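Working notes, beginning with the structure itself.
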Amino acid sequence: MSDLFNVGDEERARAFEHARRAAAGAARIPDVPASTPLRPVRRAAVIGAGTMGGGIAMALAAIGIPVRLVDASAEGLERGLARVRENYAGSVSRGKLGADDMQARLALIEGSLAIADVGDADLVVEAVFEDLGLKQDLFRQIDAAARPGAILATNTSGLDIDQIAGVTQRPQDVVGAHFFSPAHVMKLLEVVRASRTAPDVIATLMDLGRRMGKIAVLARIWPGFIGNALFRNYTREAHFLVEDGALPHEVDAALRRFGFAMGIFAVHDMAGNDVGWQTRKAQMATRPTDRRWNDLILKLCEQGRLGQKVGKGWYRYERGDRTPHRDPELDAFILEESKRMGIERRPISDEEIIKRCVWGMVNEGARLLEHGIALRASDIDITYLTGYGFPAQHGGPMFLADRIGLPEVLADIRRLHEEYGYWWQPAPLLEQLVREGRRFADLDR
């Protein structure tokens, strides 16, 4: 279908205007008026000196907020502070930052090995490994150390924040602050509202995001919140496409033709295929058996194909070069896996690749709207345009679905549900909108 790949000048202009309005609209929260008093954030603490924690510290220092960067080990803290210095030095060498500004920002970031040192912070951001038990343990310690009225934020990318807030004596002060990596560069901040988060905490985090030059989007608790909830559908379907007949370079080529700067398998290799590897392996024993799962990426990890950092993943890489090259060895492995699973491989068109990758996102987006996880369809769009590289000319997944036509999108989803089952169950809200002759944009009005 040409509409998925060829965007006219008028449609492109409408998409850009939609993005502008969506960015402005994300700041409006019906039950948190603009007049809500903000909590002062004069000092901050970040727990976890890894890539994410260091980036968050840099984002705060950029707007003049002193930050104490806390880590459990002296080695980890020194690595984190060294990474911050290297990031600043890189910005200076590229002419993005003056040498005096670099020194001023470095002076605002100090290291510590003691959680007790968060006691004078108005904002404490936890940025450690994505493990619920670990985060709960840290929040018990933060709760004991932080001053009354301090905002306690978790940088989780999808865990249940109510379970984190529940271990504290002040759940009203606990909020999700999902920064995107690198946190000092990426423009999206998901502010995640737990069931007892106070309105002034929400207002303060939304304002802080604005001050840091980010687009802050409010979400409620849902596995993956807004961004990663849709992203799971996108990546899962891309992997199923590879099992069904496409090869990684074919899926990526279709995604680039659609407008993504990188295909999903090249992104996997860049991030590292072992991200979340152990967690996913542990989940295999208890996950439901009534649906299809994809475990190819786990098998790649077991073969040592971790991505760019080792020279091979979904692609192969020459030493010192990040250009992905098709790997016949990987192609042969995929063909053998399809055969082992009893899947008869077939040619798959670019149109099918895009529909299966994007309509799954749209269907999940409709569920988020139905359950109140996202306030607006435009919030979902700006999340994807800002944090996930969705092609700007398409205006976001929900805007694109409106442009193509929800009846056609729903017809495709119903057909895919008949063919592939569980993951394609049509969202009730999408069916309702089609029955009523309405669009996602009508909900935003």
Odd one out for Arg210, checked against (1) buried (at least 20 other Cβ atoms within 10 Å of the Cβ); (2) closer than 22 Å to Leu385 by Cα: (1)
Some residue of the stretch 97-115 being under 13 Å from Ala62 (Cα atoms), loosely packed, with under 12 Cβ neighbours inside 10 Å, hydrophobic (A, V, I, L, M, F, W, C) and without any contact (Cβ under 8 Å) to a residue 40 or more places away in the chain: yes
Any hit, the stretch 346-357, residues being in a helix (DSSP H, G or I), modelled with pLDDT of 95 or more and under 17 Å from the mean Cα position of the chain (by Cα): yes
Odd one out for Ile142, checked against (1) among the β-branched types (Val, Ile, Thr); (2) over 29 Å from Asp381 (Cβ atoms); (3) assigned to a loop (DSSP other than H, G, I, E, B): (3)
Residue list for the stretch 15-53, filter: surrounded by 16 or more Cβ atoms within 10 Å (Cβ to Cβ) and basic (Lys, Arg): Arg39, Arg43
Residues of the stretch 294-314 classified as among the charged types (D, E, K, R), surrounded by fewer than 17 Cβ atoms within 10 Å (Cβ to Cβ) and closer than 23 Å to Met341 by Cβ, total: 3
Criterion: within 21 Å of Leu189 (Cα to Cα) and among the basic types (Lys, Arg) - qualifying residue of Arg79, Arg83, Arg94, Arg68: Arg68
Sole exception among (1) surrounded by 23 or more Cβ atoms within 10 Å (Cβ to Cβ); (2) touching a residue at least 40 places away in the same chain (Cβ under 8 Å) for Phe139, by number: (2)
Enumeration of residues in the stretch 117-133 that are surrounded by fewer than 13 Cβ atoms within 10 Å (Cβ to Cβ) and in a helix (DSSP H, G or I): Leu132, Gly133
Unique match (being part of a loop (DSSP other than H, G, I, E, B) and touching a residue at least 40 places away in the same chain (Cβ under 8 Å)) among Val217, Val185: Val185
Elements of type helices (runs of 4 or more DSSP H) contained in the stretch 230-293, each with 3 or more residues being among the aromatic types (Phe, Trp, Tyr) and either touching a Ser or Thr at 6+ places or on another chain (Cβ under 7 Å) or modelled with pLDDT under 90 (or both): none
In the stretch 27-61, residue farthest from Thr197 (Cα to Cα) [restricted to those that are in contact with a Leu (Cβ under 7 Å, 6 or more places away or on another chain) and in a loop (DSSP other than H, G, I, E, B)]: Ala49
Pick from the stretch 150-167, criterion among the polar types (S, T, N, Q) and in a loop (DSSP other than H, G, I, E, B), ranking: surrounded by the fewest Cβ atoms within 10 Å (Cβ to Cβ): Ser157
Some residue of the stretch 335-358 being within 17 Å of Leu429 (Cα to Cα) and without any contact (Cβ under 8 Å) to a residue 12 or more places away in the chain: no
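The values are calculated or read from the model by the stated rules, or taken from the named source; none is laboratory data. Quick caveat: nothing in here was measured; it's all calculated off a predicted structure. Methodologically, a virtual Cβ is constructed for each residue, glycine included, from the backbone with ideal geometry; neighbour enumeration extends over all protein chains shown.
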